[in-house]
Structure formats: C-alpha cells, structure tokens
1. Obtain the nm distance between the two label points defined at residue B:127 and residue B:165 by a simple spin-label model: each point lies 7 Å from its Cα along the Cα-to-C-beta direction.
2. Kirkwood Rh over alpha-carbon pairs of the protein assembly as shown, then Stokes-Einstein at 4 °C and 1.567 mPa s: what D in µm² s⁻¹, rounded to an integer?
3. For residue B:64 and residue B:5, what does the FRET efficiency come to when R0 = 60 Å and r is the distance between their Cβ atoms, rounded to the nearest 0.05?
4. Residue B:115: net charge of surrounding residues, Cβ under 15 Å, Lys/Arg +1, Asp/Glu -1, itself excluded?
5. By DSSP, what percent of the beta bridges with both residues in the protein assembly as shown are antiparallel, rounded to the nearest 5?
6. Ignore the peptide's own chain and count Cβ atoms of other chains within 10 Å of each Cβ in B:292-301; give me the average, rounded.
7. Using each residue's phi in region B:171-188, evaluate 6.51 cos²θ - 1.76 cosθ + 1.60 at θ = phi - 60° and report the 3J(HN,Hα) Karplus result to the nearest Hz, with x for Gly and Pro.
8. Shielding of B:193-204 by partners, i.e. mean partner chain Cβ atoms within 10 Å per residue?
Amino acid sequence: MPSTGQARRIWTAPAIIAAVTLGSLIGALLTEEADRDAIAALILFLTFAYAIGLGLSRRKDSPRRSL
Amino acid sequence: MAAGTPRVRSFRIWSAVHTWTSLLSMAFLLMLCLTGLPLIFHHEIDHALGYEPVLPEMPAGTPHLPLCSLVAAAEAKRPGVVVQFVSFDKDEPDAALVGLARALQQVPSDYFVGLDRRTATVLIEAHPGAGPMGFLLKLHTDMFLGLPGKLFLGVMGLLFVVAIVSGVVLYGRFMRKLNFATVRRTRSARIRWLDWHNLIGVATVAWALVVGATGTINTWADLMLTLWQRGQLAEMTAPYRGVPRPRTRVSIDTAVATAQAAAPDMTPRLVAFPGTAFSSDNHYAVFMAGNTPLTARLLKPALIDAETGRLTDMRAMPWYVQALFLSQPLHFGDYGGLPLKVVWALLDGATVVVLGSGIYLWIARKRSVVPCAASAVSGNRSSFLEPDA
C-alpha cells in the first residue's frame with residue numbers, strides 16, 4: 001500500500017483537476033448567462049492546458065524503476 | 001517483488017481489464033469521438049448549411065398567431081399526412097416545429113415543418129435525419145441499426161467507463177515514483193507515449209466519465225420512453241380506457257391555455273396530438289418545462305381532455321426520464337455557448353489521442369514482448385501495460 005504522503009503526491013493534482021472539471025460542467029449547466037458559461041469554459045480550458053503545459057515542460061531522465 | 005504476490009496479481013487483473021475493455025470498444029469509441037466532434041457544433045453547421053430555420057427580423061414583441069393557424073399552414077404544405085406534435089425551442093421562442101407523418105402512432109415522424117409563430121410562414125421543411133448532421137447523428141447514435149445499434153453502443157459506452165475506472169487504478173501504480181505530469185523524454189517512444197497516455201487520460205478523466213456515462217444513458221432513451229408510456233402514461237390515461245375517440249376536439253390553443261393555467265410558472269415545450277405515441281386517443285399531452293436553466297430541461301406532461309379541454313392529470317415524469325433529460329446536454333456539450341463547445345471539442349480530440357496512444361502502446365508492447373517470450377512465459381511480464389522502465 002502506498003504511504004499517505006505518496007498517495008497525496010499521486011492523487012492531489014488529478015483530484016483537483018477532476019473536481020474543477022465537474023464544477024465547470026455542472027456550473028455551465030446551471031447558469032443562464034452566457035458570460036458565466038464562458039467563464040466555466042475558460043476554467044475548464046485552463047485546467048487542461050495547465051496539465052498539458054506541465055507535461056511539455058516537466059522533463060525527466062528517470063532512473064529505471066520497478067513495480 | 002516476486003511475481004504472483006497479491007499486489008502483482010491485482011495489477012495484472014486491472015491491467016487485463018483495462019486492456020480488453022479498451023480494445024473491444026476502441027473502434028467504436030474512435031467512431032463516436034470522430035462523429036461527435038462535428039455534432040458539438042451541429043447548430044452552427046446546420047445553420048450554415050440551411051437546415052435550421054432562419055427567422056426574419058421583426059419588431060420586438062410582435063405577437064404570435066394562434067397555434068391552430070401554424071398547424072393549418074403545416075398541413076397545407078403536406079396534404080395527406082397528419083400532425084403528430086408541435087414543439088417549441090426555448091432559445092427560439094418565435095419559431096415552432098410541426099411534426100407530420102402518414103400515421104398518428106408512427107415514430108419517428110416523416111416530416112418536420114418549421115414555422116414563424118408571428119406570421120405562420122413556413123421557414124423550413126425537412127425529413128428527420130436530413131443533411132450531413134442528420135447522417136452523423138444517426139451514425140453516432142445507432143449506426144443506422146435502430147434499437148439494436150443503440151443498445152450495442154450502450155455496451156461499448158459501459159466498456160469505456162470500465163476502461164476509465166481501471167485506467168485510474170493503473171495510473172496510481174504507474175505514478176508511484178514519478179511526479180504528476182512527468183514525461184520521460186529521454187526514454188523510448190513507448191515510454192514517452194505511456195507518460196502522455198497517463199497524463200492526458202488523467203487530465204480528461206472526469207470529462208470522459210461524464211460523457212461516457214451520459215452517452216450510455218442516452219442509448220437507453222427508447223427503452224425509458226417505452227417504460228414511461230407503459231407505466232406513468234398508461235396510469236394517467238387509465239380512466240379513459242375503452243372510451244371512444246372524441247367526435248369533435250378542442251383546438252390546440254385551448255389545450256395549451258389549460259396547461260398554462262395549471263402551471264403558470266412553466267412554458268409549453270411540446271404538444272402531442274390525440275392518438276399519438278406520447279398521448280392517448282382522448283388527450284392532448286402538453287409537455288411543460290420550468291423557467292430556470294435546470295428545470296427548463298425537465299418536462300412535466302399535462303393531459304388535456306381533447307373533447308372538453310379540461311385538465312385530467314399532470315405529473316412530473318419518473319426519475320429515470322428526468323435523468324435522461326439531464327444527461328443529454330452533458331453528453332453533447334451543446335448546452336453552452338461557443339467557448340464551451342470549443343473546449344468540448346478540444347477534450348474530444350484529447351480522448352482521440354488517449355485512444356490512439358493506447359493502441360500504439362498495445363502494439364509496441366506486443367512487439368517488444370515477442371523477442372522476450374521466455375521471460376513473458378516465466379510470468380515476469382504478462383501485460384503490455386506493466387511498467388518496465
């Protein structure tokens with residue numbers, strides 16, 4: 001079993017991204033005004049762009065690892 | 001860690017689940033992603049291609065004509081057919097769509113006639129599924145196979161959901177020694193794509209789960225409506241069982257006015273004529289919708305006696321139909337403005353990348369395993385997903 005610290009390191013970012021995604025989707029569904037809808041879309045886009053941007057910038061020459 | 005320990009066994013089970021649920025549904029998911037992409041913009045594309053009514057500019061507040069004059073205008077356009085329903089779009093309050101068919105009970109209708117409610121001018125005439133978007137929608141929803149096609153795609157949707165859940169489990173195992181969003185660029189192409197597969201997959205996981213699950217629910221739409229017809233609708237019309245069809249019937253305007261009086265804070269969204277699949281021989285069914293963004297998507301049928309114009313019953317639809325109504329916008333992503341649609345398209349494209357990289361990883365792993373057959377047989381590597389880096 002992974003330690004609490006390890007679990008936190010693995011799951012914090014994905015959990016935040018998932019929460020923000022769900023919040024944006026439901027927020028856009030519940031709102032009438034087009035500008036709020038656009039804000040939800042922008043948040044969704046920024047979240048995805050942040051993750052991909054990290055992938056593009058975070059390079060690693062990782063050592064071999066085993067399960 | 002020795003092969004065969006519970007941890008490794010569990011990893012291999014999840015890996016096999018992820019591999020096979022993905023592979024079995026892959027071709028269909030790719031088709032759904034590719035056909036779904038233009039469908040996100042179906043309003044814009046239909047509008048550009050002339051498959052959506054274009055309302056002429058008129059002074060604000062121009063009154064609407066009685067609905068019976070719209071019905072008469074639609075009937076005149078298609079003699080020999082019957083009117084099944086009149087529907088209204090909450091985003092185009094000056095337009096109405098009339099559905100006509102050769103028989104009242106026929107589903108779907110043969111023709112749609114779009115009319116301007118202010119002038120009863122016919123704006124558009126079309127067959128259901130007309131135009132490129134109609135073709136893509138049919139391909140996307142049932143592959144031109146009707147209910148079996150829908151249910152099959154529903155199974156593919158369930159496999160997709162299982163593939164996502166198993167992918168999340170595997171993600172945790174893979175990321176034990178890596179920081180979030182690490183892409184090991186100096187390693188082999190397979191490792192690089194594995195990292196991208198994991199990163200894009202986990203970044204889109206919530207969206208993909210929502211779209212996959214709501215898409216699966218949508219494939220059950222026909223079954224849910226049949227269940228509603230045989231359940232709640234049959235219950236609501238039970239007192240009229242055996243009663244002959246009315247010789248004369250009140251106008252559609254009277255039926256709508258009665259429903260409106262019964263639910264003044266709601267607006268009519270669809271009126272099914274007596275004798276159609278969504279009413280009874282003796283009733284108009286006026287489907288009312290609320291006025292908030294959420295309740296506007298939930299319909300409440302009001303049954304109006306076609307002979308007397310009296311309200312006989314009005315109930316909220318069952319929970320499963322409400323769930324269906326709420327799942328539709330969340331699947332198609334067309335409930336927001338253009339920015340949301342663009343993001344939806346972007347995430348759809350990201351899902352194509354995840355699917356494509358998944359196929360690549362499977363093929364690349366199979367290639368890399370072939371020369372090491374002895375090691376694979378010995379149980380060291382039985383899955384293409386097993387991390388070897």
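1. Modelled inter-label distance: 4.2 nm.
2. Details: Rh = 25.0 Å.
Reported coefficient: 52 µm²/s.
3. Once rounded, the FRET efficiency stands at 0.25.
4. Here the count lands on -4.
5. Here the share of antiparallel DSSP bridges comes out near 95 percent.
6. 2
7. Here the 3J(HN,Hα) series is 4, x, 5, 5, 8, 4, 10, 10, 6, 4, 6, 6, 10, 7, 6, 7, 8, 5 Hz.
8. Per-residue shielding by partner chains comes out at 4.
Values quoted throughout were computed directly from the atomic coordinates according to the rules given, and no laboratory measurement underlies them. Because the structure is predicted, anything quoted here is derived from the model rather than measured. Glycine gets a Cβ as well: all are built from the backbone with ideal geometry, and neighbour counts include every protein chain shown.
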